[in-house]
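Input: a single structure, listed below in structure tokens.
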Amino acid sequence: MDRPHARRARAAALSIAASLGLPAAEAIVLRDSNKLTLRLLPCDVLARVAPEAEQVAHTEVELAQQLTAAGAPVAALDPRVPPRVYERDGWVVTFWTYYAPTAGTGVPPAGYARALERLHAGLRTLDVPAPHWTERVGRALHLLDDHDLTPALADRDRDLLTGTLRDLSRAIRAHGAPVQPLHGEPHPGNLLATRGGPLFIDLETVCTGPVEFDLAHAPEAVAAHYPGVDHALLRDCRTLVLAVVTTWRWDRDDRYPDGHRLGTEWLGRLRVAREGGGPDTGGA
């Protein structure tokens with residue numbers, strides 16, 4: 001998010017927090033991409049701020065409430081304010097519990113797999129309107145089909161990405177695996193290691209598909225601890241996910257930090273995968 005937008009986003013979050021009785025004099029940026037994640041002090045609340053058009057925030061709030069009630073391992077909304085989406089000056093803001101980071105190197109593979117299995121169990125209890133995983137592939141193909149949207153992408157790389165997305169979409173559907181609601185992007189950046197155990201965040205990416213599609217976003221070692229994995233399907237999902245996220249990095253409007261460098265690196269990994277290797281997306 002550019003500086004002027006970031007300033008306005010922070011001002012909206014601080015203003016809404018104050019109007020709700022939360023003492024908020026400072027906003028520390030924890031994550032900056034298409035939305036801003038802020039730690040508000042001294043109230044110690046996590047605020048997520050997005051442009052008003054980002055109406056998936058309503059779905060995320062509803063999912064968080066239902067999954068918390070079901071005992072699923074997800075970050076909770078802050079209990080001091082009503083659980084809803086707040087709007088001000090063209091921004092939507094949601095308020096979440098802030099979890100202090102724990103010492104260590106993250107969540108071990110076995111714990112990661114157990115948390116994801118519990119999340120999937122919680123999602124199965126809900127009646128969740130969510131897009132099919134193929135819609136994500138369709139958005140990526142649209143970027144590749146329109147050269148004006150991905151102007152820096154070389155034709156050779158465009159052909160690699162397009163062919164991978166189309167070929168593997170067919171292959172994954174041909175597996176005929178059971179479909180259920182998924183997190184959509186349960187990579188390490190969306191899993192918090194807290195004193196109470198691992199918790200997933202960023203529920204706006206929920207979609208439907210085989211559990212292997214979610215596992216494709218996790219480090220490779222996690223799948224060894226998740227029951228009933230179809231490893232051939234997982235291999236196809238890993239390569240598909242790598243192609244999708246690589247395509248996003250070439251979007252002219254992508255705001256991911258250092259996106260083109262990553263896009264170039266991931267294209268190299270994708271070529272290796274298509275030539276017979278197996279990529280470890282590792283939460284890419």
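Helix 133-145 and the long axis of the chain differ in direction by around 80°, with both axes built from C-alpha atoms. With protein chains left intact and a 1.4 Å probe, residues in the chain average 46 Å² of accessible area per residue.
Return the carbon/sulfur percentage of the accessible area of the stretch 1-102, one whole number, probe 1.4 Å, all protein chains in place. It is 54 percent, rounded to a whole number. The mean sequence distance of close C-alpha pairs (under 8 Å, at least 6 residues apart), as a share of the length of the stretch 167-237, puts its relative contact order at 37 percent.
Both the radius of gyration and Dmax for the stretch 97-228 are 16.9, 48 Å, in that order, over alpha-carbon atoms. Karplus-based coupling profile of the stretch 112-124, in residue order and whole Hz: 4, 5, 5, 5, 5, 4, 5, 5, 4, 4, x, 5, 5, with θ = phi - 60° in 6.51 cos²θ - 1.76 cosθ + 1.60 and x standing for Gly or Pro. Simple point charges give the picture: +1 on the Cβ of Lys and Arg, -1 on the Cβ of Asp and Glu, and for the chain a dipole about the Cα centre of about 460 debye. In percent, rounded to a whole number, the relative contact order of the chain is 17, using alpha-carbon pairs under 8 Å and six or more apart. Estimated from the Cβ-Cβ distance and a Förster radius of 30 angstrom, the FRET efficiency linking ALA110 and ARG84 is about 0.25.
Converting phi to 3J(HN,Hα) with the Karplus coefficients 6.51, -1.76 and 1.60 and the offset θ = phi - 60°, the stretch 243-254 yields 5, 5, 5, 5, 4, 4, 5, 9, 5, 4, 9, 5 Hz in sequence order, with x at every glycine or proline.
Taking the centroid of alpha carbons for each part, the stretch 185-243 and the stretch 34-91 are 22 Å apart. For the chain, take the longest principal axis of its alpha carbons; what is the angle in degrees between that and the long axis of helix 3-19, to the nearest 10 within 0 to 90? Result, in degrees: 50.
The values are calculated or read from the model by the stated rules, or taken from the named source; none is laboratory data. Values in this document were obtained by computation on a predicted structure and should not be read as measured data. Positions of Cβ are generated from backbone atoms using ideal geometry, with glycine treated the same way; all protein chains shown enter the neighbour counts. The area values use the complete protein model at the heavy-atom level, side chains included, leaving out ligands, DNA and RNA. Shrake-Rupley method; radii C 1.70, N 1.55, O 1.52, S 1.80 Å.
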